[in-house]
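The numbers here are math on the coordinates, done by the rules we state, and not lab data. Here the structure is a predicted model, which is why all the values come from computation and not from measurement. Cβ placement follows ideal geometry from the backbone for every residue including glycine, while neighbour counts extend to all protein chains displayed.
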């Protein structure tokens, strides 16, 4: 399942990041680490960004990038 497919209020765990090495490294530094639990806060309409919460902070991810983040749904944290 892709991060972009989840509705607001969903929790998931990151399984894989399908990016080129330079962008993948930046995302890993921002906390998008496989195994990390993420909450989907807001999904913008018309292909806008997906707002997610990782640990203590929020991050907006472009929909095109959210399509490349493979997750598995989970219940709560």
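For the stretch 27-56, name all the residues that are in contact with a helix residue (DSSP H, G or I) (Cβ under 7 Å, 6 or more places away or on another chain) and free of Cβ contacts under 8 Å to residues at least 24 places away in the same chain.
Just the residues of the stretch 27-56 that are in contact with a helix residue (DSSP H, G or I) (Cβ under 7 Å, 6 or more places away or on another chain), to begin with: 47-50.
Passing the criteria: 47, 48, 49.
How about the stretch 58-77: which of its residues are in contact (Cβ under 8 Å) with a residue 60 or more places away in the chain and outside any strand (DSSP E or B)? Explain how you work it out, then say what you get.
Quick first cut of the stretch 58-77, residues in contact (Cβ under 8 Å) with a residue 60 or more places away in the chain only: 66-77.
Hits for the stretch 58-77 are 66, 67, 68, 75, 76, 77.
Being in a strand (DSSP E or B) and surrounded by 14 or more Cβ atoms within 10 Å (Cβ to Cβ) is the filter here; which residues of the stretch 14-28 pass it? Outline the logic, then answer.
Narrowing the stretch 14-28 to residues in a strand (DSSP E or B): 14-17.
Matches in the stretch 14-28: 14, 17.
Please go through the stretch 45-57 and give me each residue that is in contact with a strand residue (DSSP E or B) (Cβ under 6 Å, 6 or more places away or on another chain) and part of a strand (DSSP E or B), ordered by number. Break it down stepwise before answering.
At the first step, the residues of the stretch 45-57 found to be in contact with a strand residue (DSSP E or B) (Cβ under 6 Å, 6 or more places away or on another chain) are 49-54.
Result: 50, 51, 52, 53, 54.
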